[in-house]
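Engineer: If you scroll down you'll find the structure; I have some questions about it.
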Amino acid sequence: MTNFDSAWSDFWSEGNLSSLNTTFDDGYDGSIKQMWNDSFVKLDDNARLLDLCSGNGSILKLAIEFCQTNEKSLELNGIEAAKVSESTIQELKESHQGIFNFYSETKVEKFVSEKQYSLVTSQYGIEYTDWSETLPLVANLLKQDGEAAFFIHTDSSIVYNIAQDELVQFEKIMSLKFFVALKKLVREMGDLTRPEDVEKLKQSKKADKYRNDVNEILAQLQELAGAYQNANIIYNCFELVNAIMKDKKQESAKDKEVFIKKTQQQLEHNAQRLQNMVDSTLTRMQREEFINMAKSAGLELTFSQDVLEKGFVVGHQLKFNKS
Ligand SMILES: C[S@@+](CC[C@H](N)C(=O)[O-])C[C@H]1O[C@@H](n2cnc3c(N)ncnc32)[C@H](O)[C@@H]1O
């Protein structure tokens, strides 16, 4: 498993429904939902849908809702490289009336199927894969009159801009050695269960120094936070210090350290996912390359448009027919 796979596995196992969990915490909505419904509505009853890079099945969830609202039956299939939340996928399966297959820990490049599909979808997904393998595979898996509909990351989107800002914040936190400084302070503070522990701490010059180090780092982070509309990554650090000094004050130094390490790991995984996304985001020229490669694989472009949510570009939609 690569770092990226395990970062995604951790994220999906937490039960997140979408990769943009701060914007769409209960699954996708608005123009994204509408865009997918426009694809589902063209499908005949019992048509087969294959969703690539499914995460916790957010597109399949939309398809299930669509089937329920429109009394339609579709065969739903999803593929995802990472480990996903079994309970989330099980819930989806149980809520669907028709056939439902989910292939987790399966790379699209390795997917083998005898079946052909009327609709192949991918949301913020296919751009992460090896196009030289996945585009010919999509062309092979599509029925002659089928459609491939991809919603991909574009460098003009707000999602991309926020990810870049968050990565700068993350780099700053790491370069200032925030976690190292906080761990040193917690170790020096020791357990604070008895009144004499607190007295001892008051006399400790080392603790004073480490406290100053942490405060200086927080001051620098506070200054940086002012430059961003979304400074969530930095605010994680403030929340962590707050938790250690207040809510968890009575806990042992060891437990506090475990908590710091866990928070650090979550932040590192978050940064790995953001980096993975930034690296996979397509510029206009890369999109042209993708379209040309699809053409060589036997897919003809029928639609290409930015998708907006509340006035902001959130991605680019591409649709292909089999040529
Ligand atoms: C940004 S998430 C999108 C997930 C989902 N489509 C959604 O919109 O919520 C990208 C997903 O692609 C998966 N992925 C990346 N490369 C893949 C590959 N080669 N085969 C299958 N899944 C892959 C990642 O593990 C990650 O879960």
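Engineer: When the Karplus curve 6.51 cos²θ - 1.76 cosθ + 1.60 is applied with θ = phi - 60°, which whole-Hz ³J(HN,Hα) does each residue of the range 139-156 get, with x for Gly and Pro?
Structural biologist: 4, 5, 7, 6, 5, 4, 9, x, 9, 10, 10, 10, 10, 10, 6, 10, 6, 9
Engineer: Looking at the range 95-209, how many pairs of lysines come closer than 29 Å at the Cα, when each pair is eight or more places apart or spans two chains?
Structural biologist: Number of lysine pairs found: 25.
Engineer: Here is a further query. Run the simple label-point estimate for Y235 and N212 please: 7 Å along Cα→C-beta, distance reported in nm.
Structural biologist: Going by the 7 Å Cα→Cβ label model, 3.1 nm.
Engineer: Under the Karplus relation 6.51 cos²θ - 1.76 cosθ + 1.60, θ = phi - 60°, what is the ordered set of whole-Hz ³J(HN,Hα) values for the range 118-131, x standing for Gly and Pro?
Structural biologist: 7, 9, 10, 10, 7, 10, 6, x, 4, 5, 7, 8, 8, 4
Engineer: Sum -39500 (n - 2.57) across every DSSP H segment of at least 4 residues in the chain, then divide by the residue count to get the 222 nm mean residue ellipticity, nearest 500.
Structural biologist: -17000 deg cm²/dmol
Engineer: 5 Å is the cut-off here: which amide hydrogens, built 1.01 Å from N in the peptide plane, fall below it relative to F102, excluding neighbours closer than 5 in sequence?
Structural biologist: Excluding prolines and chain starts, which carry no amide H, the hits are G78.
Engineer: Now, a different point. When you have a sec, figure out the Kirkwood radius of the chain from all distinct Cα pair distances and drop it here in Å to one decimal?
Structural biologist: 21.9 Å is the Kirkwood radius here.
Engineer: Roughly what would the spin-label model give for A243 and Q222, points 7 Å off Cα along C-beta, in nm?
Structural biologist: Inter-label distance under the simple model: 2.1 nm.
Engineer: Still on this structure, I have one more. When the chain is fully extended, how far beyond the present Cα-Cα distance does Q286 get from F111, taking 0.36 nm per residue of separation?
Structural biologist: That works out to 60.5 nm of additional length.
Engineer: Calculate the spin-label point distance for D38 paired with E133, positioning each point 7 Å from the Cα along the beta-carbon direction, and give it in nanometres.
Structural biologist: If labels sit at E133 and D38, their model points lie 3.3 nm apart.
Engineer: Pulled fully out, how much extra length does the chain show between E300 and D5, if you take 0.36 nm times their separation in residues and subtract their Cα-Cα distance?
Structural biologist: Length difference between fully extended and current span is 103.1 nm.
Engineer: Would you list which aspartates and glutamates come within 12 Å of K72, measuring only between C-alpha atoms, while excluding same-chain residues fewer than 8 positions from it?
Structural biologist: The reachable aspartates and glutamates, counting only those whose Cα sits under 12 Å from K72, are D44, D45.
Values in this text are rule-based calculations from the coordinates and carry no lab data. Every value quoted in this text rests on a predicted model; they were computed, and no experiment measured them. Note: ideal-geometry Cβ built from the backbone for every residue, glycine included; neighbour counts use all protein chains shown.
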